[in-house]
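All remarks here apply to the structure that follows.
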Amino acid sequence: VQLQASGGGLVQAGGSLRLSCAASGRALSMYIMAWFRQAPGKEREFVAAISRNGGRTYYKDSVKGRFTISRDNAKDTVYLQMGSLKPEDTAVYYCAADNTGLSVGTLGADYDYWGQGTLVTVSS
């Protein structure tokens with residue numbers, strides 16, 4: 001599967017953005033999906049994940065209540081709606097797909113395929 005992330009940009013603190021990750025090559029419904037991010041000078045970290053049918057979602061504590069992950073398997077697309085953005089949310093955001101896991105993982109090693117990343121910059 002190929003993943004194409006989009007939707008990043010520059011936004012003021014308190015603002016919102018919606019990231020999209022479009023899958024091609026294989027049906028998105030086969031994959032557990034996640035978003036990770038990597039800020040400058042920092043390691044990549046888990047942000048959110050969603051089960052294959054969208055019934056279960058998981059979030060990094062610092063984004064709970066502000067970010068929402070969702071998916072539309074008919075459109076082969078997963079989304080990350082981000083609100084109340086903070087400067088510390090500035091990072092390159094990556095979508096990732098896991099086609100072998102039996103449960104949703106929060107580690108990068110749990111995921112087999114990665115998109116190219118989209119930059120989110122939150123100004124104070």
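The values are calculated or read from the model by the stated rules, or taken from the named source; none is laboratory data. Here the structure is a predicted model, which is why all the values come from computation and not from measurement. Ligands, DNA and RNA are excluded from the accessible area calculation, which covers all protein heavy atoms including side chains. Shrake-Rupley method; radii C 1.70, N 1.55, O 1.52, S 1.80 Å.
Of note:
- Under the Karplus curve 6.51 cos²θ - 1.76 cosθ + 1.60, θ = phi - 60°, whole-Hz ³J(HN,Hα) for the stretch 75-82, x wherever Gly or Pro sits: 9, 6, 9, 10, 10, 10, 8, 10
- Ligands, DNA and RNA left out, the 1.4 Å accessible surface of the chain is 47% carbon and sulfur atoms.
- Computed 3J(HN,Hα) for the stretch 55-70, one whole-Hz value per residue from the Karplus formula 6.51 cos²θ - 1.76 cosθ + 1.60 where θ = phi - 60°, is x, 10, 10, 9, 9, 5, 4, 6, 10, 4, x, 10, 10, 9, 9, 8, glycine and proline marked x.
- In the context of the full set of protein chains, the stretch 41-82 has a per residue accessible area of 56 Å² (1.4 Å probe).
- Each residue of the stretch 84-98 was assigned a 3J(HN,Hα) from its phi angle through the Karplus curve 6.51 cos²θ - 1.76 cosθ + 1.60 (θ = phi - 60°); the sequence is 6, 5, 10, x, 6, 7, 4, 4, 8, 9, 10, 9, 9, 10, 10 Hz, with glycine and proline shown as x.
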